[in-house]
Amino acid sequence: MSPIPDRVIREKERRYLTGVSNTTWWRLEKAGLAPKGFKLGAAAKGWTLNSIEEWIKSRKEGQPW
């Protein structure tokens, strides 16, 4: 059985999974403390689901923001 391929998630799902507001996430990205998103279009941004899951896991292990 092959592993499930990574997929792209958008802002709404990222916010749901992390519980972090858009403004706070932007600050964390800017400080290098959260995965940086990538442009999907003129106004759309996305992240890989794996990068967000890894970030959540690191928070559960007690790493600071």
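Among the residues that make up segment 17-30, is at least one of them touching a residue at least 12 places away in the same chain (Cβ under 8 Å), surrounded by fewer than 17 Cβ atoms within 10 Å (Cβ to Cβ) and outside any helix (DSSP H, G or I)? No, segment 17-30 contains no residue that is touching a residue at least 12 places away in the same chain (Cβ under 8 Å), surrounded by fewer than 17 Cβ atoms within 10 Å (Cβ to Cβ) and outside any helix (DSSP H, G or I). Just give me the residues in segment 33-60 being hydroxyl-bearing (Ser, Thr, Tyr) and either surrounded by fewer than 11 Cβ atoms within 10 Å (Cβ to Cβ) or touching a residue at least 24 places away in the same chain (Cβ under 8 Å) (or both), in sequence order. Scanning segment 33-60 gives a single hit, THR48.
Read the figures in this text as sums done on the coordinates, not as results from a lab. Values in this document were obtained by computation on a predicted structure and should not be read as measured data. So basically every Cβ, Gly included, is an ideal-geometry build from the backbone, and we count neighbours across all protein chains shown.
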